[in-house]
Each structure stands twice: as structure tokens, then as C-alpha cells.
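Q: Before anything else, here's the structure in question.
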Amino acid sequence: MTRLLSAATIRTQVTLPLRFADGYTTPARAYTFDGLVDGREHLALALGDRTDPADRGDAGIPLVRPHSECLTGDVLGSQRCDCGPQLREGVERIADRGGYLLYLRQEGRGIGLYAKLDAYALQDAGLDTYDANVALGFAADERDYTVAAQMLHALGASHVALLSNNPDKAAQLGRLGITVVEQVPTGTHLSAANAGYLATKARRGAHTLTGHLIGG
Ligand SMILES: [Zn+2]
């Protein structure tokens, strides 16, 4: 069943030349929005052939990745999760094909930064990543993709190829009126510090870890 979605509109767009720690560079076009239902400042980054507004609409099905903010992983390079490498891979793969990276301000699977660090402390005491959230009074996964669907509708991208291993993202977007024509798996970014976390995601979150293995 498709939920009725209030419309968001594009507020501003501006060019951002991206450069990552490993030297990879790509131009991006950042979009901000009015009318996002949770009032937070989410961002859409147009990459590849979507960076030129004149190209929008005739560039085929965009590759889209909704990426949930992770200060520790994205910015600080924490190896307790795989968010940093997932973001880096996502940007390059979207830039190659053309599409959007949706940067969603929902830290720690939606529970916030401080609570995420509290959950890390519980994990150090033996709980897994899902049980730790529940012990803190949260759902195992509080992420919501309503604003992602709003942004895609505002960008005119109602049909997408979804770069994700998470079946919940495709299901939520489908209910919000976004047609996922293809689900493209991401790589698995394994390190000694995140092996347990990735195994838990696969077991508890029904993630598919079918992508190519990266790192070691
Ligand atoms: Zn993370």
C-alpha cells in the first residue's frame, strides 16, 4: 500500500567538488529541500551525469543510495562500522553511472550520536548491535526513509536503481511511491574491528552480503 506523502520542493542547489582521503575526486551538486517531514537538514548529492541540471530527466534510471549519517564512521574513520567505506564506494559507483546519494541525518540507525556511543559501550560488555539498541529503549532499527522518498520525488526520480544490501530500504521506498527497478548490492568492507558487526547485520537485519569483499 502506498502511503500518502507530503511534497517536498527543491530549496537550493550548489556545486560541491568532492575529494576523499584516498585522493578520489568527483564533482557533486548538493540539493537542499523545503517541506521534509521531520524538519531535519537532509541532503541529496547529484553525481555523475546528474550533476548538470540540464541533463536531468533524460539520463536514464538513476543509481540511488540512501546513506544514514555516521559521524564516527563517515568523518572520523571509525572501524567499528563500515559506513565510511560504504559512503566512499557509493559516491564513486553513483558518479560512474549517474544518480543520487541521499545523506540522511539519522545517526546510529536513528537513535542519535550519544545513544550510539552508549550502545557501543553495551556492545563492549557483550551485547550485539541490535540488542544494545533495544536495551537502551529503542527499536533495533529506527531508520525511516520517508524523507528519502520526498527528496527523490522532488528530484523527479520516481524510478530508481537502489544501491543497497538492505531489503528494508527497498520495501519502505516502495510503500512511499518510489519504484525500485533494480537493487544493486554494495561491497562488503571487512576489517578486524567490524567483522562481528557485519555478521550481526547479515544475521539480524537480513542484509545480503553478496557483494565483492573489499579490504581485509
Ligand atoms: Zn557507522
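The values are calculated or read from the model by the stated rules, or taken from the named source; none is laboratory data. None of the values given here were measured: they were computed from a predicted structure. Backbone-built Cβ (ideal geometry, glycine too); neighbour counts: all protein chains shown. In case anyone asks, the SASA skips ligands and DNA or RNA and just uses the protein heavy atoms, side chains included. Shrake-Rupley method; radii C 1.70, N 1.55, O 1.52, S 1.80 Å.
Q: If exposed GluC sites (Glu not before Pro) are those in a DSSP loop with at most 16 other Cβ within 10 Å, what is the longest stretch of the chain that has none?
A: That would be 42-141.
Q: Using amide H atoms built in the peptide plane, which far-off residues or other-chain residues are under 5 Å from Leu104 H to H?
A: HN-HN under 5 Å from Leu104: His67, Ser68, Glu69.
Q: Any idea what the dipole of region 108-156 comes to, in debye rounded to 20, about its Cα centre with Lys/Arg Cβ at +1 and Asp/Glu Cβ at -1?
A: Numbers: 3 positive and 7 negative charges, 41 e Å.
Dipole size: approximately 200 debye.
Q: Placing +1 on the Cβ of each Lys and Arg and -1 on the Cβ of each Asp and Glu in the chain, which of Val181, Leu117, Leu163 has its Cα farthest towards the positive end of the resulting dipole?
A: Looking along the dipole axis, the top candidate is Val181.
Q: Tell me the volume per residue, in Å³, of the convex hull enclosing the alpha carbons of the chain. Let's see the in-between values first.
A: Values: hull volume 26.1 nm³, N = 216.
Spelled out: Cα convex hull of the chain, divided by residues, is 121 Å³.
Q: Could you tell me whether region 29-102 comes out rounded, prolate or oblate from its Cα gyration tensor? Rule is a ≥ b ≥ c as square roots of the eigenvalues, rounded for a/c under 1.5, then prolate if a/b exceeds b/c, otherwise oblate.
A: oblate
Q: So, one more: For region 6-129, max minus min Cα coordinate along each principal axis, in Å, sorted largest first?
A: Computed over region 6-129, the largest-to-smallest principal extents equal 53, 37, 22 Å.
Q: With a/c under 1.5 counting as rounded, go ahead and sort region 135-192 into rounded, prolate or oblate using the C-alpha gyration tensor (a ≥ b ≥ c being the square roots of the eigenvalues; past the cut-off, prolate if a/b is larger than b/c, else oblate).
A: oblate
Q: Would you grab the residues whose amide H sits under 5 Å from the one on Gln183? Only those 5+ places off in sequence or on another chain, please, with H modelled 1.01 Å from N.
A: Amide H to amide H, under 5 Å and 5 or more residues apart or across chains, Gln183 pairs with Leu162.
Q: Can you list residues from other chains, or at least 5 along the same chain, whose modelled amide H is less than 5 Å from the amide H of Ala28?
A: Distant-sequence amide H within range of Ala28: Leu16, Leu18.
Q: What helices does the chain have that are whole DSSP H segments, at least 15 Å long along their own axis by Cα, and with mean Kyte-Doolittle hydropathy of -0.5 or more?
A: Values: long enough: 83-97 (21 Å, -0.87); 113-124 (17 Å, -0.02).
Flagged H segments are 113-124.
Q: What share of the DSSP beta bridges in region 42-114 is antiparallel, in percent to the nearest 5?
A: Here the antiparallel bridges make up roughly 45 percent for region 42-114.
Q: What dipole magnitude, in Debye to the nearest 20, does region 15-101 give about its Cα centre under +1 on Lys/Arg Cβ and -1 on Asp/Glu Cβ? Could the numbers behind the result be given before it?
A: Values: 10 positive and 14 negative charges, 21 e Å.
Value, rounded to 20: 100 debye.
Q: Report the residue, chosen from Gly48, Gly112, Gly98, that carries the largest GNM mean-square fluctuation when the chain is represented by alpha-carbon nodes joined by springs under 10 Å.
A: Per the Cα network of the chain with a 10 Å cutoff, Gly112 tops the list.
Q: Follow-up. How many angstrom lie between the C-alpha centres of region 103-172 and region 65-86?
A: Cα centroid to Cα centroid, the span is 12 Å.
Q: Something else about it: Counting Lys and Arg as +1 and Asp and Glu as -1, each charge on the Cβ, what is the dipole of the chain about the Cα centre in debye, to the nearest 20?
A: 200 debye
Q: Would you tell me the accessible area of Phe138, worked out with a 1.4 angstrom probe on the heavy atoms of the protein chains, in Å² to the nearest 10?
A: Answer for Phe138: close to 60 Å² accessible.
Q: What percentages, rounded to whole numbers, describe P(r) for region 83-153 computed over all alpha carbon pairs with 10 Å bin width beginning at zero?
A: Each 10 Å bin holds this share of Cα pairs: 19, 37, 30, 14, 1.
Q: If each residue of separation counts as 0.36 nm, what is the full-extension length gain between Ala171 and Tyr114 once their alpha-carbon separation is subtracted?
A: Full-extension gain reported as 17.7 nm.
Q: Give, in nm to one decimal, the length gained when the segment between Glu92 and Thr179 is fully stretched (0.36 nm per residue of separation minus the Cα-Cα distance).
A: Roughly 29.0 nm would be gained on extension.
Q: Using R₀ = 35 Å, calculate the FRET efficiency as 1/(1 + (r/R₀)^6) where r is the Cβ-Cβ separation of Asp34 and Ser78; round to 0.05.
A: According to the calculation, E is roughly 0.60.
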